[in-house]
1. Taking every pair of alpha-carbon atoms in the range 323-431, what share in percent sits in each 5 Å bin, from 0 to the bin with the longest distance?
2. So which of Lys471/Lys502; Lys434/Lys568; Lys324/Lys502; Lys211/Lys568 end up more than 32 Å apart by C-alpha?
3. Over the range 265-410, average the accessible area per residue using a 1.4 Å probe and give it in Å², no decimals.
4. Give me the number: length gained by fully extending Val244 to Val464, i.e. 0.36 nm times residue separation minus the C-alpha to C-alpha distance, one decimal in nm.
5. So for the pair Phe170, Thr546, with labels modelled 7 Å out along Cα→Cβ, what separation do we get in nm?
6. In whole percent, how big is the carbon plus sulfur part of the accessible area of the range 350-445, probe 1.4 Å, protein atoms only?
7. Using a 10 Å cut-off on Cβ atoms, rank the peptides 573-583, 324-334 from the highest mean neighbour count down.
8. Please identify which residues in the range 189-218 have an amide N closer than 18 Å to a label point set 7 Å out from the Cα of Leu251, following the Cα→Cβ vector.
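The values are calculated or read from the model by the stated rules, or taken from the named source; none is laboratory data. Since the model is a prediction, treat every value here as computed from it, not as a measurement. Methodologically, a virtual Cβ is constructed for each residue, glycine included, from the backbone with ideal geometry; neighbour enumeration extends over all protein chains shown. All accessible areas refer to the heavy atoms of the entire protein, side chains included, with ligands and DNA or RNA removed. Shrake-Rupley method; radii C 1.70, N 1.55, O 1.52, S 1.80 Å.
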Amino acid sequence: MNDMRNNGKRRTGKLARQFREPRLDWDVPVTTSATADPDTDDIATFEIPSIDKIVTRRLHSIDQSPTMQLPAFDMPSLSLSTELRAIRLALPAIPQEIDGDWADAATWVMPAIPKPGSGATGAVTAFETKEKAKGAGSYISLALEMVKNSGIYAIAAMMSPLVSLILQPFLTHNLSQNDYGALANLYIIVDLISTITQLGLSPAFFRAYNKDYETPQDRAGVLANTILLLALCTIPAAIGMTFVSSTLSNLFLRSSAYSLPVALTGIVIVAENLSLPASSWFRAEKRTIPYTSLSVASTLLVLGTNLVLVGPLHMGLIGALLAKGSGYLVYIVFTYPLIFLRLFNQSGLKPRFDIMKSMLTFGIPTVFGDIASWVLQVSDSWLLTLIGGGLASSGAYRAAYVLGGVLSPVLLAPWGLAWGPIMYSVSKRDDAPKIYSLVFRWWSSVLLFGAFGLSLVSIIVLDVFYPPSYKIGENIIPLITMATMLQGIWYMFMIGVNLRRKTILEFVYMLIASGSNLIFNLFLIPHYGDMGAAAATLASYIILATVSYIVNLRIYPIDYEIGTFLLKLFIGVGLYIGGRFLASGQPPVISWSIIILTLLLYAVILLAIGGLTPKKIVGLIGFVRNALAKGQKKAA
């Protein structure tokens, strides 16, 4: 600025003549006053309207004044190939009364146009919004958002377990108890070998596709190399299973009579692993409708083929395995043409060793956690076959285990889909620990009530729809339901691990729980059979939840109100035992009445302990109704 001022002065400090004379080479029109005094210098001026001069004072802090927002242009968006012509334009003349300093000149009084949401008004609005967000209404809105965020993926997550629940009574009536036990163990073999041969590529695919690689060519390479790695690992494993099927049959099923089903299991594993890239690709691309449609079609095909092959065609165990494999073929048949067309267009049909190395480095360490989870969840059925009552005992136990775990597809699966994004969103708030505490209070109440009710319903289903030989699992169902409930509680105790990025602790938790489960099973099954296996499962989940809770208090303290939770738990256990005792030996009508009254009483107790009075319930119903009405209007 000083340089500009000095350019307009002579050495004596007066205004230079060059700013007082009109220039003939200007590119703007100027006029000279025709009536000017001959003694007055001619001053070239722009033709502008006469405006009263208002002399303003200088601002002490101009950066505090609100200003208009000017558009910003990214430099890459400007074309540099066009030659631009420079326009020469001299500075306008400084009036004579100004002693060479533009800061003393009269200026326009420009109106201040504040940006919406900025300035004082914006600050007040933001503060009010923040304060409102801390109110009880925002917590209820958050709860509604959790329900809605289960979304369309919940349909796919729930379909397969629910169809398994429908199929199980059908299979128990059409297969012998030994064959059903063999089928349950073969499904366990499929889970174990597919877990190992997938090499942890499922989480590695999402990380590589959505984070590590961004160009279409690289993402095509991720998809192609995932298929290549799965094929190279799975197909040789399936061929090997065919050659050693007799040995595997003796090892897992204690009989060589199931050699052919074991060999067929290898083909099912190939179909499952090759369907993984297809389903993962749709999810990575956020194509929810195609993914859910294929999931529903796959599940319905499994249901239909089971009903036909095992029922009228009497193909038994072989028919059940073929039906399971047909569900995976849906993904392969309908998605692989699209996948290979995309890979061809993106020139992605070639090995990329850098992608392989990156995915395997990330994926293989997760396999050990998956194996630990397998040991925790299904190893007891296999151990019952080996050191317990054999295939018949394992089949009865597995049927009761599936009924006892019905809480998982009904509540845990939708919750898991909704809770992840909500958990990370809440973590950005100042009152996040308080919200987590409130969520745990009511989520634990829902789990306890669901476990209470579904356990009673599962026992009724076992009595009505299953053969009499399977009714020995009645006492197993409550223990498995309790273990499944603790798994849902464990989700909440993993908040600190997820937010603090200490995911290695999840593997440590699983390792401790699975190791405990294995030790308990080896000790209890020989002495107590099915009940010993169920007790070992419950004890393992108690250890899992306890260790996770203690560690979470150190890395991310949250008031989980454990005392209140334990009170609700013990009340539920007491009512459950008392209700079943009173209902035993009674006519069906009286028995059902006792069960329903006990369930309703527990619901009232849970609401009272949670602090939800009738007045608050009415207010909550009104709030939910208004929120749903607003959502419908917005959608319209």
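1. Calculated P(r), rounded to whole percents: 2, 8, 8, 9, 14, 17, 14, 12, 9, 6, 2, 0.
2. Values: Lys471/Lys502 44 Å; Lys434/Lys568 20 Å; Lys324/Lys502 37 Å; Lys211/Lys568 43 Å.
Too far apart for the 32 Å limit: Lys471/Lys502; Lys324/Lys502; Lys211/Lys568.
3. Numbers: 5880 Å² over 146 residues.
Each residue of the range 265-410 exposes 40 Å² on average to a 1.4 Å probe.
4. Numbers: separation 220, 0.36 × 220 = 79.20 nm, distance 4.06 nm.
Between Val244 and Val464, full extension yields an extra 75.1 nm.
5. Inter-label distance under the simple model: 4.3 nm.
6. Details: 2410 of 3580 Å².
Using a 1.4 Å probe with all protein chains present, the range 350-445 comes out at 68 percent carbon and sulfur.
7. On the way: 573-583: 15.2, 324-334: 19.0.
Top to bottom by mean Cβ count within 10 Å: 324-334, 573-583.
8. Answer for the range 189-218: 189-199.
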